[in-house]
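Please read the structure below before turning to the comments.
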Amino acid sequence: MIESVISSVGINGFAGSMIALLVKIAIVFGVVMLHVAYATYFERKVIGHIQLRLGPMTVGPHGILQPIADGIKSFFKEDIIPAGADKTVFKIAPVIPVFSALGCLAVVPFFDGFVLANINIGLLYIFAMSSLSAYGIVMAGWSSNSKYSFLGGLRSTAQVISYEVALGLSLVGVMIMSESLNLTQIVEAQQKYWHGMFIIPQFLGAFVFMIAAFAETNRAPFDLPEAESELVAGFFVEYSGMRFALFYMAEYIGMLVMSAISVLCFVGGWTLPPFVLEAFPSLAAVPGIVWFMLKIYFHVFVYYWIRSTLPRFRYDHLMCLGWKVLIPLALLNIVITALVKYFC
Amino acid sequence: MNSKEAAEKIREMFPEEVREIREYNSQTSVIVKRDRIKDIIRYLHSDPLLNFDLLKDLCGVDYSGKKETRFEVVYHLYSLEYRSLLRIRAEVPEDDCSIDSVVDIFAGANWPERECYDLLGVVFKGHPDLRRILLPEDWEGHPLRKDYPLQSDLGEKEWKGYLDVIELAKKNMEFETK
Amino acid sequence: MPEQKGKLRKKELTINMGPQHPATHGVLRLELDIDGETVVKCTPHVGYLHRGTEKLGENRTYLAALPLTDRLDYISSMANNVGYCLAVERLFGIEAPERAKFIRTMASEMARISSHLLWLGTHALDIGAMTVFLYAFKEREWILDLFEMLTGARLTVTYPRIGGVRNDVSEEFLSSLYKFTDEFPKNIEEYETLIDQNRIWLQRTKNIGIITAEEAVNWGLTGPMLRGSGVDYDLRKYCPYDAYDKVDFDVPLGKNGDTYDRYRCRMEEMRQSARIIRQCIEKLPEGPVMTPDAPKFTLPPKERILKDMEAMIQHFVLVIKGPVTAPDGEIYSAIEAPKGELGFYFISNGTGKPYRMRLRSPSFIHASVLPLLCEGALVADVIANIGTIDIVLGECDR
């Protein structure tokens with residue numbers, strides 16, 4: 001669509017496709033950042049209502065302008081750098097998680113045909129990018145020169161490394177079933193089945209992925225690196241102003257990305273299951289992006305729901321769960337999927 | 001065994017030590033010398049007939065000018081089995097202001113003894129970690145003594161931590177918005 | 001290092017938890033030596049909130065020292081007031097009238113509920129379950145409103161007086177309190193559905209911070225800390241004061257002495273408190289709320305002071321000299337405060353001011369047990385342990 005508009009203006013060939021790509025990036029970036037801002041609002045509203053209160057109410061009707069006010073506030077806040085900090089690393093650290101989280105978006109297809117880079121190793125690329133964010137956290141913890149952030153950084157390293165394994169293994173079943181690493185092809189592969197979503201044959205994988213994704217994004221009940229009551233705020237305890245906001249943004253983009261992968265790999269992406277479409281053919285007229293967004297928002301809601309319900313894990317229990325439960329389960333899932341695929 | 005009998009029992013066991021047994025409002029107090037206080041407490045704790053197993057409270061009292069020996073350390077012992085409360089008051093003279101610690105009998109005596117040392121200056125011999133507890137470590141004097149004033153203008157002799165705060169507050173005045 | 005060839009120097013990381021830390025419930029400071037995530041050594045430091053209450057008490061009349069007790073355990077100021085008034089009454093040998101006793105019992109149990117609710121909320125928040133906090137605070141708000149209705153104040157109530165209570169209860173207050181006791185047990189169930197069977201909660205509390213019965217007695221622990229270890233010691237049953245001998249209630253006991261058992265104990269205590277309040281309202285006798293001896297201890301009402309010469313003189317004497325009929329004696333009197341045994345030891349010398357006022361505060365003793373609980377545990381357990389001992393630093397530092 002964008003390409004045709006650009007070619008109609010008269011720019012063709014390489015230059016045209018580059019401009020089209022830049023426009024697409026701008027669109028994705030803008031839309032995602034707006035969603036990130038409103039994900040915080042959504043979270044505060046959801047958790048507020050779960051906890052018998054209203055959430056933000058003052059800025060705009062029902063506090064609808066709160067995220068914008070927050071953004072402006074953190075942008076103009078004084079950027080405090082501790083005297084004993086390693087200044088260069090301290091300044092670089094918050095950029096890395098944001099960069100890696102945004103990088104993941106490059107391979108996410110939002111609806112049929114709309115993807116920034118339709119590469120054939122999409123899933124691998126996402127794993128690589130999402131593990132990069134751990135560097136930012138470790139660097140933040142180390143360079144702050146504070147014992148609390150140092151402990152937070154250490155916890156995060158251990159946690160991300162352990163759960164990365166489970167996260168990767170849980171998706172192997174999907175790869176076997178769809179015979180591809182390309183996210184668009186994975187979605188298309190799901191359409192071949194009557195149920196239209198891999199969550200039904202891959203329930204084990206989906207379960208492991210869900211839990212590992214919580215740990216990967218440092219969300220409750222796995223928010224040990226920040227563990228407010230133990231480590232005060234963990235790795236970003238010394239950060240303020242916009243640098244602090246960057247960590248926050250990275251967390252929310254990470255959450256959106258993880259939800260997107262879950263939607264694409266297990267719940268059929270922007271498509272509806274064939275049996276639903278047969279029953280209600282008129283639903284086919286609804287654009288795919290709507291279903292995609294709805295599914296993502298359901299996932300994000302689950303994140304908030306769990307955060308407001310569950311207590312925090314203890315460090316050793318977290319490691320036990322990761323290595324003794326999730327990884328064996330993921331391996332079992334791979335074996336079963338492979339056997340079924342081979343014999344049927 | 002009720003507290004009156006227990007008090008008599010102590011007099012029987014430690015006739016040299018017990019100075020007086022007093023009763024007020026159906027509570028018994030035994031006034032003893034401080035030298036064998038640990039033996040008395042251990043006896044009360046370990047004898048199965050007495051079985052005073054809960055040290056409710058340990059505190060010091062300054063009888064400045066009211067009694068011959070200036071200080072008293074007061075132990076409130078309670079027997080969960082016989083439901084009796086006994087008060088042991090050990091007299092501690094001012095010139096040698098010390099008494100044996102009972103921490104190895106009652107672990108819970110640790111902090112109350114430190115507090116008594118902090119606020120009254122009674123030294124507990126054999127205490128594992130006798131430091132000031134409520135007041136700063138460089139504080140001078142023992143506030144619960146009767147000769148310690150409730151209010152006074154110390155000027156230069158004020159506690160250093162307080163002076164530092166005042167100094168800092170003055171320094172920060174220049175950053176205040178006009 | 002050249003002098004230690006082939007040998008790595010190993011040192012624990014020392015972190016300073018508090019006095020400003022979200023989970024230390026005030027200004028407690030813990031010096032933790034940690035090896036990885038394991039605590040090797042824990043040294044608590046207290047005293048940041050020391051206000052010299054005992055010294056102040058010695059320099060005030062018996063009447064004037066009452067408001068000081070509000071500021072000890074400010075979460076349950078009513079229980080402190082009751083304890084103080086009871087101690088002075090026992091020292092003077094007077095007794096409050098029956099109706100006042102029931103009102104005091106009722107009010108102390110309200111304080112227990114409010115204190116336990118705050119404990120539940122913050123304890124759960126420390127462990128990471130944040131919704132319980134807001135659920136518990138909803139009911140606590142209700143209790144505080146009831147306090148306001150009864151006394152005019154929400155937190156520092158100064159409601160009981162030596163020889164009774166300040167004012168009689170209204171019908172309106174009683175009916176709304178009755179409604180509260182009706183609904184409150186259902187709300188407790190709601191908190192329990194959130195955390196009681198939750199596996200993470202169980203993992204975080206079961207077998208954490210174990211104190212055996214012998215240890216608990218030896219350390220001088222009282223209240224739910226002692227009962228959680230299975231020792232049946234409750235002053236309300238052992239030596240009943242006020243109207244506790246006229247109401248029916250159970251004392252919940254734990255078995256293992258771990259954080260979970262103490263949690264269960266406190267939850268059950270809240271139910272029993274609601275039960276006691278109900279019975280108090282049902283059995284509330286008619287009559288005065290101040291003892292006939294009261295003129296010797298209580299200020300006469302303002303309108304009488306302005307009209308009546310005698311009342312004026314009495315007011316003057318009470319304010320300047322205090323109740324001068326004080327006997328020459330000593331008394332140790334304790335009540336079962338929400339946190340444990342709150343004891344007052346008075347030595348009087350015949351003047352209107354106590355010669356020595358000693359406060360035995362449960363928080364002080366309970367804070368001293370922290371090294372026993374924390375050493376060998378993980379950093380996350382330190383937080384659970386601070387929560388389970390349920391201390392208020394105002395009372396700990398006095």
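The values are calculated or read from the model by the stated rules, or taken from the named source; none is laboratory data. Here the structure is a predicted model, which means the values were calculated and not measured. For neighbour counting, all protein chains shown are included, and Cβ atoms are generated from backbone atoms with ideal geometry for every residue, glycine included. Ligands, DNA and RNA are excluded from the accessible area calculation, which covers all protein heavy atoms including side chains. Shrake-Rupley method; radii C 1.70, N 1.55, O 1.52, S 1.80 Å.
Worth a mention:
- In this structure, the residue pairs whose Cα-Cα separation is over 32 Å, taken from C:LYS55/C:LYS307; C:LYS41/C:LYS186; B:LYS160/C:LYS10; B:LYS9/B:LYS66; B:LYS66/C:LYS339, are C:LYS55/C:LYS307; C:LYS41/C:LYS186; B:LYS160/C:LYS10; B:LYS66/C:LYS339.
- For chain C: relative contact order, % (alpha-carbon pairs under 8 angstrom, 6 or more apart): 26 percent
- The calculated Kirkwood hydrodynamic radius for segment A:61-206 is 18.2 Å, given to one decimal from all distinct C-alpha pairs.
- For the protein assembly as shown, the list of Cys residues with no other Cys C-beta under 4.7 Å reads A:CYS104, A:CYS265, A:CYS320, A:CYS344, B:CYS59, B:CYS97, B:CYS116, C:CYS85, C:CYS239, C:CYS265, C:CYS280, C:CYS396.
- Taking 7 Å steps out from each Cα toward its Cβ at B:ILE21 and A:ILE64 produces label points 8.4 nm apart.
- Residue-normalised accessible area of chain C, given per residue in Å² at a 1.4 Å probe: 36 Å²
- Here the Gaussian network model covers chain C, with springs between Cα atoms less than 10 Å apart; of C:ALA64, C:ALA111, C:ALA384, C:ALA64 fluctuates the most.
- Euclidean distance of C-alpha centroids, segment A:256-306 and segment B:121-148, integer Å: 69 Å
- Spin-label model, B:SER98 to B:ASN2: label points 7 Å out along the Cα-to-beta-carbon direction sit 4.1 nm apart.
- With both residues required to sit in the protein assembly as shown, DSSP beta bridges show an antiparallel share near 85%.
- Positive minus negative residues near C:ASP261 (Lys, Arg vs Asp, Glu; Cβ under 11 Å): +4
- On Cα atoms only, tilt of B:110-120 relative to the major axis of chain B in degrees: 60 degrees
- q = 0.05 Å⁻¹, the protein assembly as shown: log10 I(q)/I(0) [Debye, one scatterer per Cα]: -0.39
- Interface size, chains A and C: roughly 2600 Å² of accessible area buried, both sides included, 1.4 Å probe, rounded to the nearest 100.
- Cα shape, segment A:195-344, gyration tensor, a/c 1.5 rule: oblate
- Residue mean of other protein chain beta carbons inside 10 Å, B:55-64: 5
- For segment C:7-150, the square roots a ≥ b ≥ c of the C-alpha gyration tensor eigenvalues yield an a/c of 1.5 or more together with a/b not exceeding b/c, which makes the shape oblate.
- Projecting label points 7 angstrom from Cα along Cα→Cβ for C:LYS138 and C:THR212 puts them 4.4 nm apart.
- Charge dipole of segment C:38-173 (Cα centre as origin; +1 on each Lys and Arg Cβ, -1 on each Asp and Glu Cβ, all else neutral): 460 debye, rounded to the nearest 20.
- Residues within the reach of a label modelled at A:VAL23 (point 7 angstrom out along Cα to beta-carbon, backbone nitrogen below 19 Å), restricted to segment A:98-115, are A:110-115.
- Seen from C:ALA216, the other residues with C-beta closer than 13 Å to its C-beta sum to a net charge of -4, counting Lys and Arg as +1 and Asp and Glu as -1.
- Annotation: aspartates and glutamates with alpha-carbon distance below 16 angstrom to C:LYS11 (same-chain offsets under eight excluded): C:GLU31, C:ASP33, C:ASP35, C:GLU37.
- Between chain B and chain C, roughly 3800 Å² of accessible surface gets buried, counting both sides and using a 1.4 Å probe.
- Between helix C:77-92 and chain C there is an angle of about 50 degrees, using the helix long axis and the longest principal axis of the Cα atoms.
- Chain A, relative contact order [Cα under 8 Å, separation at least 6], %: 21 percent
- Calculated [θ] (222 nm, deg cm²/dmol) that DSSP helices of n ≥ 4 give over chain C, each run adding -39,500 (n - 2.57): -15000 deg cm²/dmol
- DSSP assigns beta bridges within chain B; of those with both partners inside it, close to 70 percent run antiparallel.
- Once the GluC sites (Glu not before Pro) in DSSP loops with at most 13 neighbouring Cβ atoms within 10 Å are cut out of chain C, the longest remaining piece is C:4-285.
- Helix C:130-151 and the longest principal axis of the C-alpha atoms of chain C enclose an angle of approximately 10°.
- Assuming charge only on the beta carbon of Lys and Arg (+1) and of Asp and Glu (-1), the dipole of the protein assembly as shown about its Cα centre is about 1080 debye to the nearest 20.
- Projecting the Cα atoms of B:TYR117, B:VAL18, B:ILE105 onto the dipole axis of segment B:3-138, where Lys and Arg carry +1 and Asp and Glu carry -1 at the beta carbon, places B:VAL18 farthest toward the positive end.
- Near B:GLU158, once Lys and Arg are set to +1 and Asp and Glu to -1 for all other residues with Cβ below 15 Å from its Cβ, the sum equals -3.
- Rounded if a/c under 1.5, otherwise prolate or oblate - segment B:70-148, Cα gyration tensor axes: prolate
- Mean-position separation - Cα centroids, segment A:125-198 and segment C:259-332, in angstrom: 64 Å
- Exposed GluC sites (Glu not before Pro) absent: longest stretch of chain A, with sites in DSSP loops and at most 13 other Cβ within 10 Å deemed exposed: A:180-344
- Annotation for segment A:46-83 versus segment C:154-229: alpha-carbon center distance of 35 Å.
- Of all segments of chain B bounded by GluC sites (Glu not before Pro) found in a DSSP loop with no more than 15 other C-beta atoms within 10 Å, the longest spans B:17-67.
- Coupling constants for segment A:108-123 follow from the phi torsions by the Karplus curve (6.51 cos²θ - 1.76 cosθ + 1.60, θ = phi - 60°), and in residue order they are 7, x, 7, 8, 4, x, 9, 8, 5, 9, 8, 8, 8, 10, x, 5 Hz; glycine and proline get x.
- Cα lying deepest toward the dipole's positive end in the protein assembly as shown, options C:LEU284, A:CYS344, A:HIS49, charges on Cβ: A:CYS344
- Of the peptides A:287-296, C:77-86, the ranking by mean beta-carbon count within 10 Å, highest at the top, reads C:77-86, A:287-296.
- Taken one residue at a time, the phi angles of segment C:154-170 give Karplus couplings (6.51, -1.76, 1.60, θ = phi - 60°) of 9, 10, 9, 7, 6, 9, x, 10, 5, x, x, 10, 5, 9, 6, 7, 9 Hz. Gly and Pro are set to x.
- Considering only alpha-carbon pairs that sit under 8 angstrom and 6 or more positions apart, the relative contact order computed for segment C:93-216 is 24 percent.
- Mean projected area (nm²) of the alpha-carbon convex hull when segment A:1-79 is viewed from all directions: 8.5 nm²
- Cα-Cα separations in segment B:3-138 greater than 19 Å, expressed as whole percent: 48 percent
- For the pair A:SER8 and A:LYS192 in one chain, pulling the backbone fully straight at 0.36 nm per residue adds 62.6 nm over the alpha carbon distance.
- Reach of B:LYS4 by Cα under 20 Å, taken over lysines that are not fewer than 8 positions away in the same chain: B:LYS33, B:LYS56
- Cα-centre dipole for segment B:3-138 with unit charges at Cβ (Lys and Arg positive, Asp and Glu negative), debye to 20: 320 debye
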